[in-house]
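The values are calculated or read from the model by the stated rules, or taken from the named source; none is laboratory data. Note that the structure is predicted; figures quoted are calculated from it, not measured. Please note: Cβ atoms are built from the backbone with ideal geometry, for glycine as well, and neighbour counts cover all protein chains shown.
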Amino acid sequence: VVTHSLMLWQMLKARQIGQAWKLFEEMKLNGRVPDVIAYSILVAGFAKAGALQEARKVFDEMKEKGVAPNLHTYNGYLDGLVKTRQMEQACNLFQEMQENGTGADAYTYTTLLDGFVKVGRIQEARNLYQELNEKGCSPDVVTYSVLILGLRKGGQAKKALQILNKMKDVGCLPSVMTCNTVMHSLVKAGQMEAALNVFNEMKAGGIAPSVSSFNILLKGLGNWGQVDDACALFEELKASGEVPSEITYNTLIDGLGKAGRTEKAAELFKDMKEKRLAPTRITYNCLINVLAKAGQTDEALTLFEEMKVNGFVPN
RNA sequence: GAUGACCCCCUCC
């Protein structure tokens, strides 16, 4: 049974739903009796693959056969309901778990939280988060990340920062992406110092900033006209071993242009080409704007032609 | 041998 379970698990990870179903039938015909783990693998696997019907079937079958679903099984099925955005059903299942003594762990709460956050039911997500804490469940990295990523949409920079700080307090190491999300919110909210703070803390905490981290800050510094700081950060980026992307150049060119540093912007454009980074439509847009604003109409027109030659459609 | 997020984070208009 263990061997078969492993095979089922691998098939489901590869989303081979039909195959997994066949193997499951076969193993039963051969007289092997699936246990809780085997059933749970199937429920979770089908649920994750979006095959909720099969998950349901397996879930019912195990109950019929007298195999009691455990927390893993319920969590797997709950995930299926959440993935298909059936939040009412998910809540009912959660209720059932509490009533029949299965209980809930961090996985249960995080799965539900993720669902609420994804459908924009933030208040319910908050309540659930509170309940989780009251029940003495420890939120983990994933729980916190779900919250932070979920708060991304509504200008909730302060809140996101609070959660990030809490993560550090309890010793959860946030991922680079989670940090980036928070920095992005802060930059959008105009909280540049706070964003830089996060950046410094992540470095101090041993989390290596990615190109995107730099890009986010470059954009923020550009917005505030702090182009010298932006250039310094650009140097730091190159020194860090990360490779500047087209987006890095676009962002910096745009920032420099807005600050009236036309020559420096043009210089970067050259630098970009030397690095064999292909300018994008956005690069051209930025630089043309810069040149036009500086009254360098001829240069702007030249660039406009170059843009069309390279197959970009001006907007 | 089994369960959760991100992995379509960043740039012009």
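Summary table below
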read-out: Among the residues listed as A:Gly136, A:Gly120, the single one being in a loop (DSSP other than H, G, I, E, B), closer than 30 Å to A:Gly220 by Cα and more than 12 Å from RNA strand B (Cβ to nearest atom); value: A:Gly120
read-out: Yes/no for A:Leu151 being more than 28 Å from A:Tyr39 (Cβ to Cβ), of a type outside the set (Phe, Trp, Tyr), assigned to a helix (DSSP H, G or I) and under 17 Å from the mean Cα position of the chain (by Cα); value: yes
read-out: Matching entry among A:Ala90, A:Ala55, A:Ala51 (being modelled with pLDDT under 95 and more than 9 Å from RNA strand B (Cβ to nearest atom)); value: A:Ala51
read-out: Which numbered condition A:Lys264 fails, given (1) among the basic types (Lys, Arg); (2) farther than 24 Å from A:Val176 by Cβ; (3) within 13 Å of RNA strand B (Cβ to nearest atom); value: (3)
read-out: Odd one out for A:Asp114 among (1) surrounded by fewer than 16 Cβ atoms within 10 Å (Cβ to Cβ); (2) in contact (Cβ under 8 Å) with a residue 12 or more places away in the chain; value: (1)
read-out: Count - residues of region A:166-200 that are more than 10 Å from RNA strand B (Cβ to nearest atom), more than 17 Å from the chain's Cα centre (by Cα) and not aliphatic (A, V, I, L, M); value: 10
read-out: Residue match in region A:174-196 (condition: part of a helix (DSSP H, G or I), charged (D, E, K, R) and closer than 23 Å to A:Lys159 by Cα); value: yes
read-out: Hits in region A:10-45 - residues which are basic (Lys, Arg) and either touching a residue at least 24 places away in the same chain (Cβ under 8 Å) or within 19 Å of A:Gly66 (Cβ to Cβ) (or both); value: A:Lys13, A:Arg15, A:Lys28, A:Arg32
read-out: Selection from region A:62-100 of residues that are of a type in the set (S, T, N, Q) and closer than 14 Å to A:Ala44 by Cα; value: A:Asn70, A:Thr73, A:Asn75, A:Thr84
read-out: Among (1) over 30 Å from A:Glu134 (Cβ atoms); (2) within 11 Å of RNA strand B (Cβ to nearest atom); (3) of a type in the set (A, V, I, L, M), the one test that A:Val43 misses; value: (1)
read-out: Candidates A:Lys219, A:Lys203 - the one that is modelled with pLDDT of 95 or more, among the basic types (Lys, Arg) and within 29 Å of the chain's Cα centre (by Cα); value: A:Lys219
read-out: Failed item, numbered, when A:Val141 is tested on (1) modelled with pLDDT of 95 or more; (2) near RNA strand B (Cβ under 10 Å from one of its atoms); (3) closer than 30 Å to A:Lys168 by Cα; value: (1)
read-out: Counted residues, region A:222-260 - those being within 21 Å of A:Ile288 (Cβ to Cβ), more than 30 Å from the chain's Cα centre (by Cα) and surrounded by fewer than 22 Cβ atoms within 10 Å (Cβ to Cβ); value: 3
read-out: Candidate set: region A:101-112, residues that are part of a loop (DSSP other than H, G, I, E, B) and more than 8 Å from RNA strand B (Cβ to nearest atom); chosen: the one nearest to A:Val36 (Cα to Cα); value: A:Thr102
read-out: Region A:51-83, residues that are polar (S, T, N, Q) and surrounded by fewer than 16 Cβ atoms within 10 Å (Cβ to Cβ); value: A:Gln53, A:Asn70
read-out: Test: residue in region A:272-281 that is under 25 Å from A:Ser213 (Cα atoms), modelled with pLDDT of 95 or more, within 12 Å of RNA strand B (Cβ to nearest atom) and of a type in the set (S, T, N, Q); value: no
read-out: Total residues in region A:12-33, condition of a type in the set (Asp, Glu) and loosely packed, with under 11 Cβ neighbours inside 10 Å; value: 1
